[in-house]
Amino acid sequence: MNKKIVIIAMALLAVVSCKKAPKSPFARKVADYAVVKIETPDLSGISDNGKEVLNLYRFIADEIDAIYWKQYFGSKESLMNVISDPYEKTFAEINYGPWDRSTGYSFVHGYTDRLPGVGFYPADMTRQEFDAWDNPDKNSPYTLIRRAADGSLETVWYHDAYKEHIDKIANYLAAAADITIKPSVKKYLLAKADALRSDNYYESAMAWLDMDDSKMDLVVGPNEAADDQLLGIKRSYEAFVLLKNEARTNELMQYVSRISEFQQDLPGDDAYKSFQPGAGSNIFSCNALYYAGKANAGIKVIALNLPFDSDVQRDRGTRTILLENIINAKYNHIINPTGQVLLESDYQEHLSSDAFFWNIVFREVAHGLGVKETVNGKGSVEDALGSAALTFEEIKANAAGVLLVTKLQNHYDIRNLFTREDALTTFFVSLVRSERFGEGSALGRANIIIYNYLNEAGAFKRKESGQYAIDFAKMQAALSDLTALVLKTQATGDREFAVDFENRYSKRSDNYNADLMNLGLEKIPADIRFK
């Protein structure tokens, strides 16, 4: 009898202990990223040589991941060693550091909030000090700025700073070039190895655009400058390993010849949309097999438009890549559920996976439109607008992209897939859920700005129920006005206006906070992460 009492007492103690065990405050943050498994691809059409090349691509991506940790934050091991909560550790791995990418705030004890220049610049460097420094290499996207022994500023080229990893990557690229049977792939891989060792990417970008006959693709290198929120100059390392969907790619390629036509379809003065992309542009639909570095940090991109080099864009063009399996995952896990929560019932029927896909297609196409150089001698748009350039580029792509889709429906076959109302409704839901990315990134600020601009124009109304009704005519008109405004700002390099506009419209509203709460209550994730 006594033994039974002891056993019961111990069981009750265990139950009480379990109830008192505190739940990690990071459990909800981690749950905001739905786990998605990238299924093993169908490699039936890939030769044994091709499979070996894919393995080498994966090794390259792992080295890129290691570089990015050092570039953005520093030592991954030192950070993980001070974190005991497994949920907090996972959240740090999602963010590639101790800073929440949606806000920039530190969530790890002992670390300050994220600096605008993260690991690219000395923490104590001011903009005035940088501007006064006479060094031609300081403005390269591929140099780190450091303090010399005497306290002055100095540049360190990426290929020197990360030489150990770059050498391994170059060796993997050379090995893949030896294995591949496709001349275009071999040329690209060897050119990319040279580029990573010299930080001169023009030739490798040209070779990449010429490589259009491979079922596999490797996007690798310092590409985007989104992490540099101090000056908007320095680019981050990332890698994508991709497998082409050839049937869908052939469907998309019919739109390449219409790039100039899309340019003219944009609103505003012709002088503000005068850039003519090279004739070598193409559009691919791919399934993503692996993300690494910046690509894998925080919010996962669902499409690419590369290269960013304006000389390459002029001479050859760009490649737009739709990451089809990731687009589908985001629609199923996030976009459609968000629409069911936030839209009035009459508008829910306009949610469309096809509209989501084509909105993304033309968002990426829009990145290659407008102008790349100012029309009044202020240099490139990036130089003229400074840190506001990235935000304005994201506004342009999002607003102009869906605007082009609504215009295409008057002329081409995609009108049979979905309606103009479907395109605008699905865009709006994607916009609202993307506000959850926060103002800590250029993409998050751009979405908040578009939301506030549309709200000011009366394009939608949020009812007391917390659900939205949409005025399609006002939304299309406002998107047209906003696109024209952004194109003008980019073309004239009006930094003062750009900064003021960004500051004025990038404030999170009460509606945003209420939407965030409603989506949280329904346990709808903000984004995805890979298993």
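Computed from the coordinates by the stated procedures, all read-outs in this text should not be read as laboratory data. This is a predicted model, so every value here is computed, not measured. A quick note on method: Cβ atoms are made from the backbone with ideal geometry, for glycine too, and the neighbour counts reach across all protein chains shown.
Using 16 Å as the cut-off for backbone N distance, which residues of the range 281-311 belong to the label zone defined by a point 7 Å from the Cα of Asn328 along Cα→Cβ? Within reach of a label on Asn328, which here means backbone N under 16 Å from a point 7 Å along Cα→Cβ, the range 281-311 contributes 285-290, 302-303. Loop-located GluC sites (Glu not before Pro) across the range 450-531 with a Cβ neighbour count of 14 or fewer within 10 Å are Glu464, Glu522, with loop assigned by DSSP.
Just to confirm the filter: which trypsin sites (Lys or Arg not before Pro) across the range 111-176 are DSSP coil and have at most 11 other Cβ within 10 angstrom of their Cβ?
Hits after loop and neighbour filter: nothing returned.
Within the straight-line cut-off of under 15 Å between alpha carbons, the aspartates and glutamates reachable from Lys215 are Asp42, Asp48, Glu52, Glu246, Glu324, sequence neighbours fewer than 8 places apart in one chain being disregarded. Between amide H atoms placed 1.01 Å from N, distances below 5 Å from Leu289 occur with Val241, Leu242, Leu243, all of them 5 or more places distant or on a separate chain. In straight-distance terms, cross-link reach from Lys474 covers every one of the lysines whose alpha-carbon lies under 28 Å from its own, apart from those fewer than eight places away in the same chain; here that gives Lys273, Lys330, Lys396, Lys407, Lys461, Lys463, Lys488, Lys507. Here the average projected area of the convex hull drawn through the C-alpha atoms of the range 325-531 stands at 11.8 nm². Between the range 91-142 and the range 451-521, the alpha-carbon centres lie 28 Å apart.
Under 25 Å of direct C-alpha separation, and excluding same-chain neighbours fewer than eight residues apart, Lys70 reaches these lysines: Lys29, Lys89, Lys138, Lys163, Lys168, Lys192, Lys234, Lys294, Lys300, Lys531.
Highest mean first, what order results for 320-329, 393-402 on Cβ atoms within 10 Å?
By packing density, highest mean first, the sequence is 393-402, 320-329.
Residues whose amide H comes within less than 5 Å of that of Gly466, counting only those at least five positions distant or on another chain, are absent (H built at 1.01 Å from N in the peptide plane). Normalised by the number of residues in the range 325-531, the mean separation of alpha-carbon contacts (under 8 Å, six or more apart) gives a relative contact order of 30 percent. The peptide list 352-364, 170-182, 28-40, put in order of mean Cβ contacts within 10 Å with the highest first, becomes 352-364, 170-182, 28-40.
What fraction, in whole percent, of alpha-carbon pairs in the range 322-368 exceed 12 Å separation?
Cα-Cα pairs in the range 322-368 separated by more than 12 Å: 64 percent.
Considering the range 92-210 at the alpha-carbon level, its Rg and Dmax are found to be 18.5, 52 Å.
Identify the residues of the range 50-76 with backbone N under 14 Å of a label point that sits 7 angstrom from the Cα of Arg147 along the Cα-to-Cβ direction, or state none. Correct set: none at all.
Once C-alpha pairs closer than 8 Å and six or more residues apart are averaged by separation and normalised to the residue number of the chain, the relative contact order reads 16 percent. Distant-in-sequence amide contacts of Ile528, defined by a placed amide H-H separation under 5 Å and a gap of 5 or more residues or a different chain, comprise Ala34, Lys300.
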